[in-house]
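The structure appears below as structure tokens.
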Amino acid sequence: MKSVGKIVKLSGIALGSAALMMGSGTASAHCDGLDGPVVNSARQALETGNVNPALMWVQKDDEAHIKHAFEKARAVRKLDPAAQEVADNYFFETLVRVHRAGEGAPYTGIKPAGRDLGPAVPAGDKALETGSVEPVVTLLTAAVQKGVRDQFNDVMSRKTFDKNDVAAGQQYVKAYVEYIHSVERIFDAARTQAHGNHAEANHAEPVAAAHQH
């Protein structure tokens, strides 16, 4: 039993680390926040006059578009404080929109600063600041293990049912399929590093479809 527990723990660490690499709805929202990394890079570019911090957030083919928007914003922001605010917001929105389009994600506007992003995104950023990933690994390991255990226990609680009770059987099958799909997705995440929101969105469906019941 000890060896099994050790394997489960090690597997959880690997899966938790893989989950960090996967994009999520919250993580994608992080990039369109007023206090997010994309807008912060846009601010740096405008303040220094160097567009390169902004260019790193877009695809190669989109660099010319961002450079053009940057020059327009830089010219307008010199007029007065009100014009500067308008120009800055224009550049923020342009950079975020193009960045998200490059990931295959929709642009829904710049989100306000100070939003609750949950524990994972702040932990991921803090790990990069401190140079230690261990708190993130611990957080994700616990989350993955809890999720799998909860679904497993749900399936087990429905496993014994009257074979003539079709409704109960259907509930068991529903819980079973969801559990198996989750296990497949987590395992696949441990093997594959997704790139951006588009990769995650396109990736989830084939995995689910691969295990039909």
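Only the coordinates and a few stated rules stand behind these numbers; no lab work does. Every value quoted in this text rests on a predicted model; they were computed, and no experiment measured them. Cβ coordinates were reconstructed from backbone atoms using ideal geometry, including for glycine residues, and neighbour counts include every protein chain displayed.
Data table
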{"item": "Per-bin percent of Cα-Cα distances, the stretch 34-102 [10 Å]", "result": "24, 59, 16, 1"}
{"item": "Kirkwood-based shape ratio for the stretch 136-183, expressed as Rg/Rh from alpha carbons", "result": "1.15"}
{"item": "For the stretch 69-85, 3J(HN,Hα) per residue [Karplus equation, 6.51 cos²θ - 1.76 cosθ + 1.60, θ = phi - 60°, Hz, x = Gly/Pro]", "result": "5, 5, 5, 4, 5, 4, 5, 6, 5, 6, 5, 6, x, 5, 5, 4, 4"}
{"item": "Contact order normalised by residue count of the stretch 34-102, Cα under 8 Å, 6+ apart, percent", "result": "35"}
{"item": "Loop-located trypsin sites (Lys or Arg not before Pro) in the stretch 133-172 whose Cβ has at most 10 other Cβ within 10 Å (DSSP)", "result": "163"}
{"item": "Potential extension, residue 125-residue 80 segment - 0.36 nm per residue separation minus Cα distance", "result": "12.7 nm"}
{"item": "From the C-alpha gyration tensor of the stretch 25-155, square roots of 5λ in Å", "result": "35, 15, 14"}
{"item": "Distance between modelled label sites at residue 52 and residue 71, nm, 7 Å Cα→Cβ extension", "result": "1.9"}
{"item": "Of the GluC sites (Glu not before Pro) in the stretch 73-132, those whose Cβ has at most 11 other Cβ within 10 Å and which sit in DSSP loop", "result": "none"}
{"item": "Amide H contacts of residue 111 (H built 1.01 Å from N, under 5 Å, at least 5 apart or other chain)", "result": "33, 34"}
